[in-house]
Structures are given as C-alpha cells and as structure tokens.
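The values are calculated or read from the model by the stated rules, or taken from the named source; none is laboratory data. The structure presented is a predicted model; accordingly, all values stated were derived computationally and were not measured. Cβ atoms come from the backbone with ideal geometry, glycine included; neighbour counts cover every protein chain shown. Quick note on the areas: whole protein, heavy atoms, side chains included, nothing else; ligands and nucleic acids left out. Shrake-Rupley method; radii C 1.70, N 1.55, O 1.52, S 1.80 Å.
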Amino acid sequence: TIAPMELFFRFDFAAARYLPRLPDSHRCSRLHGHTFQVEFAIRGQPGADSGWLVDFDEVEASIAQLKGDLDHHCLNELAGLENPTTEALAAWLWRRLVTLYPGLHRVTVQEHPSRGVSCFGD
C-alpha cells in the first residue's frame, strides 16, 4: 500500500473585524481589515477506485461557499465569531471543514505575511 498522503488547499478573503474584548486603547479594538490567507490540509489514503483523497472540484465548491460567507463581511457579525481573533477564526473554519472532510488535519489562517495560527481540531 501507499503511505498516507496529505493534500492542501489555499484560498484568501478580505474581511473587517474588531476585537471587542481588548481595551479601547488597543489598535485592534477598532474596526480594521485584513486579507486573510487560509490553508487547510487533509490526510489519508487515496481511494482504491478513485485514486485520490478528495475530489478537487468538490473542495473548490466548498471553498466558494466559505468565501461567500466571509469575503467582504465584518467577521463580528457571523455566529461564533463575535470575538474574531485569528485563533477563533481558525477554529470556526475547522468546525465547518471537518464535517465535510473527516481526514482534516490542519487549518492555518494568516492575518499578515509574518504571522498566523494553525488549528489541529477542537
């Protein structure tokens, strides 16, 4: 048999947020925006018949749905993201993706080229 494989997908979206639990003096307590970069990885064995872990077309459709929910929105207005830290956003994405892809291994969210958060499950 072939060793387990990991495949990944990347997408980005632009969104606004503010972090309401911070003091008013903190710059992130004010409304601001990011172009978030997201990468998620799925681990497993390719299917005996299909030869793949997942159908890339199905994943593209899932990503389009996620982007529709997130892109050019205020994250604070989404259920479960009332305090939309990058950590909370990674966990929020995990909960949505793991229902579609049981082999989900990691969700990484970058808010800036030099920093981000990886979530490995709830």
task = Loop only per DSSP, at most 12 neighbouring Cβ atoms within 10 Å: give me the GluC sites (Glu not before Pro) in the stretch 1-108, ordered by residue number.
result = Glu82
Principal axis dimensions, largest first and in whole angstrom, of the chain by Cα = 57, 24, 24
note = In whole angstrom, largest first, the equivalent ellipsoid semi-axes that the Cα gyration tensor gives for the stretch 44-107 are 27, 13, 7
query = Quick one: which of 62-70, 49-57 comes out on top by average Cβ neighbours within 10 Å, and what's the full order, highest first?
reply = 62-70, 49-57
task = Can you send over the carbon and sulfur percentage of the accessible area for the chain, probe radius 1.4 Å, protein chains only?
result = 53 percent
task = Could you rank Arg30, Arg106 by how accessible they are, 1.4 Å probe, largest area first?
result = Arg30, Arg106
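Net charge around Phe11, counting only other residues with Cβ within less than 15 Å of its Cβ (Lys, Arg = +1; Asp, Glu = -1)?
Neighbour charge sum, excluding Phe11 itself: -4.
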Around Leu31: net Lys/Arg minus Asp/Glu count, Cβ-Cβ under 12 Å = +2
task = Over the stretch 41-122, calculate the relative contact order: mean separation of alpha carbon pairs under 8 Å at least 6 apart, over the residue count, as a percent.
result = 28 percent
